[in-house]
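Note sheet for the following structure.
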Amino acid sequence: MTLTIYTKPAGCFGCAKTRQKFTDAGIAFTEVDVTTNQAAFEYITEELGHSQAPVVVYDRENSEDHWSGLNPAKIAKVIGIETRAREGAPA
């Protein structure tokens, strides 16, 4: 499983809440600041087509999902999948 959160650290409420939800659930992620990483910015805007931070890219067993903005339903879905996987249940 890989979880990457592309963020704008300064003043991004959605970025902070997304990080907090995954941190509180004990889900490991990599954070990438798109304000200082031009390649990451180009990836989320040009390749993925997003224009709002955060952009979350979740990959489990070669099945990728990604979204932009604060999305509690998607966050809860990922947390549920990862919690079940930790407990040994099928994801």
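Quick notes on this one:
- Relative contact order (percent, whole number), the chain, Cα cutoff 8 Å, 6+ residue spacing: 33
- Label-reachable residues, the range 36-58, where backbone N falls under 15 Å from a point 7 Å from A10's Cα toward its Cβ: 36-37
- Two-site label geometry, Q52 and K17: point separation in nm, points 7 Å out along Cα→Cβ: 1.1
- The residues packed around A40, meaning those with a beta-carbon under 14 Å from its beta-carbon, carry a net charge of -4 if Lys and Arg are +1 and Asp and Glu are -1.
- In loop segments of the range 1-32 as defined by DSSP, there are no trypsin sites (Lys or Arg not before Pro) with at most 12 further C-beta atoms inside 10 Å of their C-beta.
- Helical mean residue ellipticity (222 nm; -39500 (n - 2.57) per DSSP H run of 4+; nearest 500) of the chain: -10500 deg cm²/dmol
- If the segment from Q38 to R86 were pulled out straight at 0.36 nm per residue, it would be longer than the present Cα-Cα gap by 13.8 nm.
- Within straight-line reach of K8, meaning a Cα separation under 21 Å, sit the following lysines at least 8 residues removed in sequence or on another chain: K17, K21, K74.
- Against the chain, whose longest principal axis comes from its Cα atoms, helix 13-24 is set at around 30 degrees.
- Cβ-defined net charge surrounding I75, 10 Å radius [Lys, Arg +1; Asp, Glu -1]: +4
A short reminder: the numbers here are calculations on the coordinates, not readings from a lab. All figures in this text were calculated on a predicted structure; none of them were measured in a lab. When we count neighbours, we look across all protein chains shown, and the Cβ atoms used for this are built from the backbone with ideal geometry, even at glycine.
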